[in-house]
Amino acid sequence: MAFFHPDDEQAFMDDKFNTATGFEHRVNINGELRWIYVKSKPYQKEGSVYTHKGIIQDITGRKQVEESLKEQEVRFRTFIENASDLICTVSLRGDIEFMSPNVLAITGFTVEEAVGQKLIEYLHPDDLPVFLEGMTQIQEKEMGVAEYRLRHKQVGWIWVQTPITVISPKN
């Protein structure tokens, strides 16, 4: 069994071997596939490399975590993109930072029209004081429910009920 993973062997033997650089490769160590990070500097004599000095670090754990995070992101994105509820994130300044794709079906606005706008631009003016008071209470409790009218692009105003969770570094 080869030391390098077949997909990585040629890349290792090409330019990376003859230049001072850092790179990642899969290797076979005692029959187990591992990821390594190699940072080395080649030393030349009479125009050809005769030795390398550097480090090799096992990064298998990091690569496994990265792969797990990618899989979780795909699952989460699939859930968000197919949810029947409108899901959004709003900054503490009131800027809409993320809006799920079904915003079009619910409000008539596209994601591109909504993201970057102030949430209060979509709230009925009569509901604004109650909404802002509710937001203050929710920030203290870190979760709650708000009921208000939301602007719909074609039909005017629609009533919505929104469970709200404050997402902060401590959660």
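The values are calculated or read from the model by the stated rules, or taken from the named source; none is laboratory data. Quantities reported herein were computed from a predicted structural model and do not represent experimental measurements. FYI the Cβ positions are ideal-geometry reconstructions off the backbone, even for glycines, and counts take in every protein chain you see. The accessibility values were calculated without ligands, DNA or RNA, using every heavy atom of the protein model including side chains. Shrake-Rupley method; radii C 1.70, N 1.55, O 1.52, S 1.80 Å.
Below are the figures for this structure:
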read-out	value
Meets criteria (farther than 30 Å from residue 37 by Cα, outside any helix (DSSP H, G or I) and touching a residue at least 40 places away in the same chain (Cβ under 8 Å)) for residue 92	no
Meets criteria (on the phi > 0 side of the Ramachandran plot and not β-branched (Val, Ile, Thr)) for residue 61	no
Residues that are in a loop (DSSP other than H, G, I, E, B) and open to solvent by 70 Å² or more (accessible area, probe 1.4 Å), drawn from the range 142-171	153, 154, 155, 167, 169, 170, 171
Test: residue in the range 2-17 that is touching a strand residue (DSSP E or B) at 6+ places or on another chain (Cβ under 9 Å) and at pLDDT 80 or above	no
Residue match in the range 71-81 (condition: open to solvent by 50 Å² or more (accessible area, probe 1.4 Å), of a type outside the set (A, V, I, L, M) and farther than 30 Å from residue 35 by Cα)	yes
So residue 87, is it under 17 Å from the mean Cα position of the chain (by Cα), open to solvent by less than 50 Å² (accessible area, probe 1.4 Å) and over 30 Å from residue 24 (Cα atoms)	yes
Scope the range 38-68; condition part of a helix (DSSP H, G or I), among the charged types (D, E, K, R) and farther than 14 Å from residue 25 by Cα; matching residues	66, 67
Members of the range 112-141 that are over 18 Å from residue 95 (Cα atoms) and either in a loop (DSSP other than H, G, I, E, B) or of a type outside the set (D, E, K, R) (or both)	130, 137
For residue 43: the one exception among (1) open to solvent by 70 Å² or more (accessible area, probe 1.4 Å); (2) out of contact with any strand residue (DSSP E or B) (no Cβ under 6 Å at 6 or more places or on another chain); (3) free of Cβ contacts under 8 Å to residues at least 12 places away in the same chain	(2)
